[in-house]
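The values are calculated or read from the model by the stated rules, or taken from the named source; none is laboratory data. Note that the coordinates shown come from a computational prediction; the quantities given were computed from them, not determined experimentally. Quick reminder, even Gly has a Cβ in these numbers, built from the backbone with ideal geometry, and neighbours come from all protein chains shown.
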Amino acid sequence: MSNSLLTVNIAGMNLGSPTALASGILGYTAESLRLVAEGGAGAVVTKSVGVAPRPGYPNPTVVQADSGLINAVGLPNPGIDFYVEELTYAKSLLPVPLIVSVFGYTAEEYALVSKKAVEAGADAVELNVSCPHVKYTGSEIGQNPKLLTDVVCKVKAAVQKPVIVKLSPNVTDITELAKAAENAGADALTVINTVRAVAINVETQRAVLSNIRGGLSGPAIKPIALRCVYDVFEAVKLPIFGCGGITDWRDAVEFFLAGASAVQVGTAVGSEDPTVFQAINRGVASYLKRKAYGSVNEIVGLCHQD
């Protein structure tokens with residue numbers, strides 16, 4: 001679905017709808033990304049890819065929680081050198097912006113992967129500096145303003161496409177990291193990644209996940225994500241992808257009102273329902289018409305007004 005009500009522009013990327021596929025869901029093959037785009041997503045974000053192949057953690061890696069999922073998959077990926085062919089193919093199929101999620105263990109690795117992703121056709125890169133269950137990457141960088149600044153600066157020097165920073169909620173003050181990303185030259189932010197969590201089996205008396213700690217996603221984290229978007233909107237001028245627990249149009253509108261220019265949907269998509277994007281888009285369009293607004297842009301941050 002694409003019309004003037006739903007069209008948004010983030011960091012120079014034109015999205016036909018304000019909904020995007022979040023990283024981690026249906027995000028490696030060109031065909032799955034195409035299905036998501038045809039299902040109404042205005043942009044797609046791949047699963048995270050690094051310099052070298054990574055197998056991820058052994059099962060169990062996902063467990064159902066009340067109103068959500070806890071996962072510790074461990075960033076499994078084929079490595080950027082293997083993945084560039086699939087990215088090039090995906091770019092040839094997709095009618096929407098292709099955003100590649102990248103991770104690394106050093107700023108130089110982030111820059112290298114980002115450069116190769118852009119050369120393969122990525123319209124933007126999203127820096128995963130907030131994975132809560134892999135040591136020495138992700139959250140360690142996303143919790144340290146100096147490390148985050150170094151990563152963003154090196155990536156910006158390596159690519160000429162928009163750089164999006166995905167922030168972690170597992171910090172004392174998310175606005176401090178948002179400001180560091182902005183000052184380092186980031187073009188947009190994704191707020192938020194998953195919330196650190198644990199599940200325990202009372203019969204075995206052990207943690208359920210093989211990695212013990214994982215990341216909680218889904219409706220359970222929506223109030224946390226909304227608060228983070230609200231705070232970040234007041235702290236920086238960068239456009240925001242709201243992310244965390246969005247399942248329907250009402251959720252999306254809440255994020256727009258809090259300050260998000262677009263939203264990313266992950267857990268609600270699962271492994272087989274890309275039509276959730278169409279449903280959200282229809283609901284948002286209906287809401288805008290009912291309230292006599294001409295576009296999504298007119299309600300972004302509206303609840304901050306006196």
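Summary table below
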quantity	calculated
Some residue of the range 126-137 being surrounded by fewer than 19 Cβ atoms within 10 Å (Cβ to Cβ), modelled with pLDDT under 95 and not hydroxyl-bearing (Ser, Thr, Tyr)	yes
Considering residues of the range 210-232 that are β-branched (Val, Ile, Thr) and surrounded by fewer than 24 Cβ atoms within 10 Å (Cβ to Cβ) only, the residue nearest to ALA22 (Cα to Cα)	ILE224
Restricting the range 177-195 to residues that are free of Cβ contacts under 8 Å to residues at least 40 places away in the same chain and in a helix (DSSP H, G or I), the residue that is farthest from ILE141 (Cα to Cα)	ASN183
All positions within the range 196-248 that are part of a strand (DSSP E or B), of a type in the set (S, T, N, Q) and without any contact (Cβ under 8 Å) to a residue 24 or more places away in the chain	ASN201
So ALA72, is it farther than 22 Å from ALA268 by Cα and either among the hydrophobic types (A, V, I, L, M, F, W, C) or crowded, with 21+ Cβ neighbours inside 10 Å (or both)	no
In the range 27-47, the residues that are crowded, with 24+ Cβ neighbours inside 10 Å, of a type outside the set (Gly, Ala, Ser) and touching a residue at least 60 places away in the same chain (Cβ under 8 Å)	LEU33, VAL36, VAL45
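Results for (1) part of a helix (DSSP H, G or I); (2) out of contact with any Gly (no Cβ under 9 Å at 6 or more places or on another chain); (3) free of Cβ contacts under 8 Å to residues at least 40 places away in the same chain, shown as yes or no for each residue.
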site: VAL51; (1), (2), (3): no, no, no
site: TYR57; (1), (2), (3): no, no, no
site: THR88; (1), (2), (3): yes, no, yes
site: PRO95; (1), (2), (3): no, no, no
site: LEU147; (1), (2), (3): yes, yes, no
site: LYS154; (1), (2), (3): yes, yes, no
